[in-house]
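Peer 1: I have a structure I would like to understand better, so I am pasting it below and will then ask my questions one at a time.
The values are calculated or read from the model by the stated rules, or taken from the named source; none is laboratory data. Computed from a predicted model, the values in this text were never measured in an experiment. Methodologically, a virtual Cβ is constructed for each residue, glycine included, from the backbone with ideal geometry; neighbour enumeration extends over all protein chains shown. Surface accessibility is based on the protein's heavy atoms, side chains included, excluding ligands, DNA and RNA. Shrake-Rupley method; radii C 1.70, N 1.55, O 1.52, S 1.80 Å.
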Amino acid sequence: GVVGGSGAWSGDTKICCSSQAQVPWCLVAGDDADSDVLVVREHQGGLPALIASLFASVCADREPFRSAKDGNDGTSLLRGSDDLHNILRMLRLVARVCRLDKTLSEELILMAEFQKACRGLRDDIECMLLNNTEESDLLVDVQDSLFEAMGIPCRRRMPFTDEELKMRLPLVYSLSSVDSLNKVMVLVHQVNRRQSSQTDVGFVMWPSATWLLTNPSTIEGKTVIELGAGCALTGLVAAHIQSNHKSDNQHIFITDVHETVLQNIQSNVLLNDASGCTSVNKLDFYSHDGSRDDDAWIEGEWRGCDECRREQVDVILGADVICCIEDAWATAKTIRAALRPRGSCFLVSAESKSRFGVEALEKACVENGLEVNSRSVRSMYDGKLYTHDLTTACGFEPSMEFMFCRISKRDG
């Protein structure tokens, strides 16, 4: 079973699990409990085993509809619609969780307890539909949701290997400021396909994304673009910060150019319940030609939306967006086009010995009317930005050094 790193929300209910102990534990919290109370249940097998058990329990709590086959019209066995409403709510939770976590859905559909409960409920609902007219609409809703649950695609017959789980389950980042006053947990799915070309660099979690956002005040109450977001760790942290700072003028545009990456970003936004203050947008660095009258950024065509010009923003964030010299020039032109006068851009990248093209960034920015201030990440905050675990970051090597660039745009 899945043993950690997965979570999902459905209405007022949250389910999550962790493998930070010998026995995987699961947490279930709903509106029934006091706001200060969390119900923790140890459950061997992790989240899919818990969901299967909960689903079977909800189904078992009802009166047995199946006796309607023996001549009973079924109505006397219903204690009201509460049973069906509870079952419908559970089925919708299963569907919601499985949409957010495809690995979990494949594990769940293989569980005998889940299959048995689905089959029994299916037979009972069919009997009820033949004999009960009062609850027919509700019964049809339950039946539709049940068929959706039973129709979860499953192409596996064997458990996932450890390596497959690492690739398919969300990475869990528990991040905090250097003074530990601001903390956030972010769940990040990586794209399952392997990196196959230079345009696919968003398929993995590049190392510098973990350290980019260290000062919440840089984005509070402001419009923000994350460039080349990849898995969108930076944008998701930014969304968390803005969710705690209410303002009508703030928004996070999480951008990338590769459509598979954009789809994964959208899933990560939903997984972290961050859609309230963010949008996922297509942005190609190379769509900005650097003309002096360029006063907007160009949103690319995606999901039925035509290419359009967007207003400049207050802040631009970027983590490891440069992989060649051409990228440096395209990044500088994009910053000039997308950033408002007196706005700021914050970029973090591996230094030039680890990333081609980074050495050209300062010259490209200066020639595009931008001011650059660069420093080593290791020199910031007494080196405390290097305390986080980097082992999950693709491409990281212990000898790597990172640089932090603050890029400003002059008036006019």
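Peer 1: Say the cut-off is 32 Å between C-alpha atoms; which of Lys102/Lys384; Lys116/Lys183; Lys282/Lys409; Lys282/Lys384; Lys183/Lys222; Lys282/Lys353 go over it?
Peer 2: Details: Lys102/Lys384 36 Å; Lys116/Lys183 42 Å; Lys282/Lys409 23 Å; Lys282/Lys384 34 Å; Lys183/Lys222 20 Å; Lys282/Lys353 30 Å.
With Cα atoms farther than 32 Å apart: Lys102/Lys384; Lys116/Lys183; Lys282/Lys384.
Peer 1: Using packing as a proxy for protection, rank 175-188, 98-111 so that the peptide with the highest average count of other Cβ atoms within 10 Å comes first.
Peer 2: Listed from highest to lowest mean packing, they are 98-111, 175-188.
Peer 1: Then there is this: Can you list residues from other chains, or at least 5 along the same chain, whose modelled amide H is less than 5 Å from the amide H of Asn281?
Peer 2: Hits under the 5 Å cutoff: Ile254, Thr255, Asp256.
Peer 1: Now for a separate question. If amide hydrogens are placed 1.01 Å from N in the peptide plane, which non-local residues have theirs closer than 5 Å to the one on Gly343?
Peer 2: HN-HN under 5 Å from Gly343: Lys409.
Peer 1: Which order do the peptides 296-305, 238-247 take when ranked by the mean count of other beta-carbon atoms within 10 Å per residue, highest first? Show your work: numbers first, answer last.
Peer 2: On the way: 296-305: 14.9, 238-247: 18.5.
Final packing ranking: 238-247, 296-305.
Peer 1: Another question, if that's okay. Roll a 1.4 Å probe over the protein chains and send me the accessible area per residue for region 306-388 in Å².
Peer 2: 47
Peer 1: Need one number: convex hull volume per residue for region 267-332, Cα atoms only, in Å³. Each step should come with its number before you reach the end.
Peer 2: On the way: hull volume 8.4 nm³, N = 66.
Measuring per residue, one finds 127 Å³ for the Cα hull of region 267-332.
Peer 1: Highest first, please rank the peptides 228-235, 258-265 by the mean number of other Cβ atoms sitting within 10 Å of their residues.
Peer 2: On the way: 228-235: 29.2, 258-265: 20.0.
Descending packing order for the listed peptides: 228-235, 258-265.
Peer 1: Would you pull out the residues with amide H under 5 Å of Val313's amide H, same chain only if 5 or more places away, H placed 1.01 Å from N?
Peer 2: Excluding prolines and chain starts, which carry no amide H, the hits are Leu339, Arg340.
Peer 1: Using a 1.4 Å probe and ignoring any ligands, DNA or RNA, find the accessible area of Tyr286 and quote it in Å² to the nearest 10.
Peer 2: 120
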